[in-house]
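One structure is given below, encoded as C-alpha cells.
Quick note: the coordinates plus some simple rules give every number you see, no bench work behind them. Everything numeric here is computed off the predicted structure, so don't read it as measured data. Here the Cβ positions follow ideal geometry from the backbone for every residue, glycine too, while neighbour counts run over all protein chains shown.
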Amino acid sequence: MKILLDAMGGDKAPDANIKGAVKAINDIKAEVILIGNEQIIKAKVKEFYGKEISEISPRLKIHNTTEVIEMEDIPTQAIKHKKDSSMVVGFNMLKSGEGDVFISAGNSGALLTGATLLVGRIKGVDRPALAGILPAYKSRLVLMDCGANTNCKPINLLQFAQMASIYLKTTLGVKNPKVGLLNIGTEETKGNDLTKASYALLKEKAEELNINFIGNVEGRDAFSGNVDIVVTDGFTGNIFLKAVEGLGKFVKRTLSESLKRNILSKIAAVPSLPAINRFAKTVDYKEYGGALFLGVKKPVVKAHGSSDEKLFEFTLKQAEKFVENKAVEQLIVEFENQKESQKIEE
C-alpha cells in the first residue's frame with residue numbers, strides 16, 4: 001500500500017507533515033510518499049534528524065514537485081493552472097494508481113475541487129462530503145458533512161447518511177449505526193425547510209437504503225453515545241465542528257491551569273493523573289485523524305489546516321485503515337449497483 005501525503009499543504013507545512021510521517025512510519029505497514037519540493041524536504045529531514053530520508057525508513061520516499069497551492073488561492077484556478085503543485089500531482093498519482101490514498105491539509109476548496117474533478121465522483125453520488133470523526137461517550141461520532149457543501153438539498157443529506165452508514169459498517173465495524181439529523185429540536189415539525197424536507201425523505205427511504213434513522217438530534221445530545229452519525233449541511237456542520245474543537249481546547253486548558261494553580265492542587269492532582277490523562281486523550285480531536293472525503297472514486301482524506309505532527313501521525317494511521325477496509329469499494333458497489341427502483345429522484 002502507498003499513502004500519498006501532500007508535504008507542502010497546511011499551516012505548519014512542511015515541518016509538521018514530515019515529522020508526522022516519520023512518527024507514523026514504524027506503526028504502519030504502508031509506504032509513505034511525501035509529495036513536494038524535494039530539496040526543501042531533504043533539508044528539513046537532515047535538520048530534524050541528522051539523517052537522509054532513506055536512513056529513517058526505506059518506506060519513506062519523496063516525489064518532487066515545484067509548485068504549491070496556497071491557502072488564499074482560488075480553488076478552480078489553482079487546480080487548473082498549478083499542475084505541478086503537490087496537491088494536483090497527488091490527485092493525479094492517486095487516479096493513475098501510483099498511490100492508494102491521498103492526504104492533504106492544504107486549501108480546502110482546492111482539495112474538494114480537485115477530488116471531484118480529477119479523481120471523480122462515484123456514479124450515483126450527487127455530492128461527495130467530508131466525514132469528520134469526533135469523540136462521543138464510550139464511542140465515536142461521524143459528522144457528515146463537516147465542511148464540503150455549504151448549500152444542500154434533501155437528497156444530499158440522504159446520501160450523506162447512506163455513505164456514512166456504509167463507512168461505519170466497513171471501517172469501524174458498527175453493525176447498525178444510528179443516524180440522527182442535526183436540528184434545533186427533536187420534533188418532526190422543527191427546523192428550517194431543508195431539515196424538515198430531509199427528515200421526511202430520510203424517514204421515507206431509510207428502510208429501503210438500509211439507514212437506521214432515529215430522527216432529529218439536538219447538538220447537546222450528539223455526544224451522548226446514543227447516535228453514531230449526525231447528518232447536516234456543510235455550513236452548519238463546519239460551525240458545529242469548530243465549536244466542538246474550541247470547547248475541547250478550553251476544557252483542557254482550564255483543567256490544566258486549575259491543577260497547577262498552587263502547590264496543594266498539584267499534590268492533590270497526583271493520584272488522579274492517570275484518569276485525567278485518559279480524559280484528555282478522549283476529548284482530543286487529534287486522536288481521530290482527518291475527515292474522509294466520501295463519495296469520490298478513490299480514498300481522499302482532508303487533514304485539519306492547522307494539523308501538527310501528532311495529527312498527521314494519526315491521520316496516516318487512519319488512512320491506512322480506510323484503505324484496508326475497502327470503504328470506497330463498498331460505496332461504489334452500494335451506489336453503482338442500486339436497482340432502478342431504488343434510485344432517488346430529487
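Odds and ends about this structure:
- Comparing mean-square fluctuations of Ile211, Ile25, Ile184 from a GNM of the chain with C-alpha springs under 10 Å, the top value falls on Ile184.
- Checking every one of the GluC sites (Glu not before Pro) in segment 8-82 against DSSP loop status and a limit of 13 other Cβ atoms within 10 Å picks out Glu52, Glu72.
- Space enclosed by the convex hull of the alpha-carbon atoms of the chain, per residue, Å³: 150 Å³
- A simple spin-label model places pseudo-atoms 7 Å from Cα toward Cβ; at Lys266 and Lys242 they are separated by 3.7 nm.
- Inter-label distance, Asp11 to Ser54: 3.7 nm, where each label sits 7 Å from its Cα along the C-beta direction.
- Label-point separation, Arg220 to Asn176 (7 Å along Cα→Cβ), nm: 2.9 nm
- For segment 134-284, average projected area of the Cα convex hull in nm²: 9.9 nm²
- Fully extending the segment from Arg253 to Asn64 would add 64.1 nm, taking 0.36 nm per residue of separation and subtracting the current Cα-Cα distance.
- Vicinal HN-Hα couplings computed from phi for segment 296-304 (Karplus, 6.51 cos²θ - 1.76 cosθ + 1.60; Hz; Gly/Pro x): 9, 6, 10, x, 10, 10, 9, 7, 4
- For the residues Ala43, Ala131, Ala115, a GNM of the chain with alpha-carbon springs under 10 Å puts the largest fluctuation on Ala43.
- Helical contribution to [θ] at 222 nm, DSSP H n ≥ 4, -39,500 (n - 2.57), averaged over the chain, rounded to 500: -13500 deg cm²/dmol
- Note on the chain: GNM, Cα springs under 10 Å; of Asn238, Asn156, Asn210, the largest mean-square fluctuation is that of Asn210.
- Placing a label point 7 Å from the Cα of Asn151 along the Cα-to-Cβ direction, the residues of segment 109-143 whose backbone N falls under 16 Å from that point are 127.
- Among beta bridges identified by DSSP and lying wholly in the chain, the antiparallel ones come to about 30 percent.
- Legend: P(r) of segment 92-136 from all alpha carbon pair distances, 10 Å bins from 0, whole percents, reading 22, 52, 23, 3.
- For segment 40-111 versus segment 128-181, the gap between their alpha-carbon centres in whole angstrom: 28 Å
- Members of Lys82/Lys310; Lys29/Lys169; Lys153/Lys196; Lys203/Lys297 lying beyond 19 Å, as alpha-carbon distances in this model show: Lys82/Lys310; Lys29/Lys169; Lys203/Lys297
- Kirkwood Rh (inverse of mean 1/r, distinct Cα pairs), segment 70-145, angstrom: 13.8 Å
- Under-5 Å amide H pairs with Val174, H placed in peptide plane, nonlocal only: Lys169
- Dipole magnitude for the chain: computed about the Cα centre from +1 point charges on Lys and Arg Cβ and -1 point charges on Asp and Glu Cβ, it is near 940 debye.
- Cα gyration tensor shape of segment 39-99, rounded if a/c is under 1.5, else prolate or oblate by comparing a/b with b/c: oblate
- Under a model in which nothing but the beta-carbon of Lys, Arg (+1) and Asp, Glu (-1) is charged, segment 1-84 shows a dipole of about 340 debye around its Cα centre.
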